[in-house]
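Asks: Shown below is the structure under consideration.
The values are calculated or read from the model by the stated rules, or taken from the named source; none is laboratory data. As the structure is a computational prediction, the values presented were derived from the model and not from experiment. Because the Cβ atoms are built from the backbone with ideal geometry, glycine has one as well, and the counts that use them run over all protein chains shown. Calculation scope for accessible area: heavy atoms of the full protein, side chains included, ligands and nucleic acids excluded. Shrake-Rupley method; radii C 1.70, N 1.55, O 1.52, S 1.80 Å.
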Amino acid sequence: MGKESQVALDIISNSHKFPKLDGLLPFHTIAMDLDGTLLDSRASISSLNHYVLQSALDQGVGLIIATGRRFSSALPYAQEFRGNVTVVANNGQVLRSSPNGERISETYISEKATFAVLSLGKKKGHSPLLHVDRFEEGIDILVESPITDEKYHHYSGGDIARTKVVSDLLEHSGDRALVVCYLSLMKEELIELEGELLTLPESSEYRTVITKIPGVSYCLEVLEKGVSKWTAIQSYLKISGLDEAGVISFGDELNDREMLFSSGYGFAMKNAVPSLKEGASYITKYSNNEDGIAMTLLELSVLPFR
């Protein structure tokens, strides 16, 4: 690697020292969050991001989209690429492949824990959404009123195609539950609810994550404890016979923490939340609206382009 390339690495690392790569391909897999990372503010994959990532895929590098979104919502983005792309959905609860949608692994919240979480939320006046693993049936979300209700803040774009209205979510707590989700425009409301959920006896079985969904609201998610985007990626690596050190990852929110901190090369986006950037080994020089993933890979000079 030449002097100019090393200078570029020094700049991109934002004072974080980047290892010398000596012109070798240091990774076999690129893992990336969707919103705020791969997608720009218009919820699109830019031409440059697509070109660079497609080139990596064509050269045998694995691509993983790791998102808090449900699989059906992430699938269209994975299908923009030519070839097999692995999708980590629901923050690690489900691992499927694209373009065929085949399930690779899954983890469900126990019926007991799901019932407790739903009961407390409803008692406190919140309207939960229950994500379930029924992709093949065309069902992703169970709700007690139409998803178009204003209390859901245009969640999922108001798409009713893959939602089902049920009379009582408590009767579906054993229905292959992936995530219990609560929405609010006020983060403090969700922080308060989170605190109460973590006092329940069943809290030993689950973990909570609060993120902000662009253009929607804040979101409190309850997932199986010990499950994250990274644990799903580990399943992929084990099946593929690959090592963890060969993963380069990109993310912008706290639900990307395990993935970024455990990857061989974990990059927080320039636009990432401050608490994620504080602990990240590396930070991109560019935001999601500046082709952050593509520009980082290009400045690393590890992918040959024709």
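Asks: Which percent of the accessible heavy-atom area of the chain goes to carbon and sulfur, probe 1.4 angstrom?
Replies: Carbon and sulfur: 50 percent of the exposed surface of the chain.
Asks: So for region 173-295, Kirkwood radius off the Cα pairs, Stokes-Einstein at 37 °C and 0.692 mPa s: how many µm² s⁻¹?
Replies: 205
Asks: Of the residues ALA177, ALA43, ALA31, which exhibits the maximal mean-square fluctuation in a Gaussian network model of the chain defined by a 10 Å Cα contact cut-off?
Replies: ALA43
Asks: Provide the convex hull volume over Cα atoms per residue for region 38-105, in Å³.
Replies: That works out to 76 Å³ per residue.
Asks: Let me ask something else about it. Taking all protein chains together and a probe of 1.4 Å, list ARG134, ARG96 from the most accessible to the least accessible.
Replies: Solvent-accessible surface, decreasing: ARG134, ARG96.
Asks: Show me the helices of the chain, taken as full DSSP H stretches, that run 20 Å or more along their long axis by Cα and average 0.5 or above in Kyte-Doolittle hydropathy.
Replies: Long hydrophobic helices here: none detected.
Asks: Quote the accessible area belonging to LYS187 in square angstrom, nearest 10, computed with a 1.4 Å probe and with ligands, DNA and RNA left uncounted.
Replies: 80
Asks: Where in region 54-72 does the amide nitrogen come within less than 13 Å of the point 7 Å from the Cα of SER97, taken along Cα to Cβ?
Replies: Hits in region 54-72 for SER97 at 13 Å: 63.
Asks: Stokes-Einstein D for the chain at 4 °C, 1.567 mPa s, Kirkwood Rh over Cα pairs, in µm²/s?
Replies: It diffuses with D of about 65 µm²/s by this estimate.
Asks: On to the next question. So how compact is region 28-178: Cα radius of gyration and Dmax in angstrom?
Replies: 16.8, 53
Asks: Can you give the accessible area of SER105, probe radius 1.4 Å, in Å² rounded to 10?
Replies: The accessible area of SER105 comes to roughly 30 Å².
Asks: Let me ask something else about it. Quick one: if you take sqrt(5λ) for each eigenvalue of the C-alpha gyration tensor of region 111-224, what semi-axes come out, biggest first, whole angstrom?
Replies: 20, 18, 12
Asks: Averaged per residue, what accessible surface does the chain expose to a 1.4 Å probe, in Å²?
Replies: Per residue, the chain has an accessible area of 43 Å².
Asks: Identify the chymotrypsin sites (Phe, Trp or Tyr not before Pro) of region 219-282 meeting these criteria: DSSP loop state and at most 15 other C-beta atoms within 10 Å of the C-beta.
Replies: Nothing satisfies the criteria.
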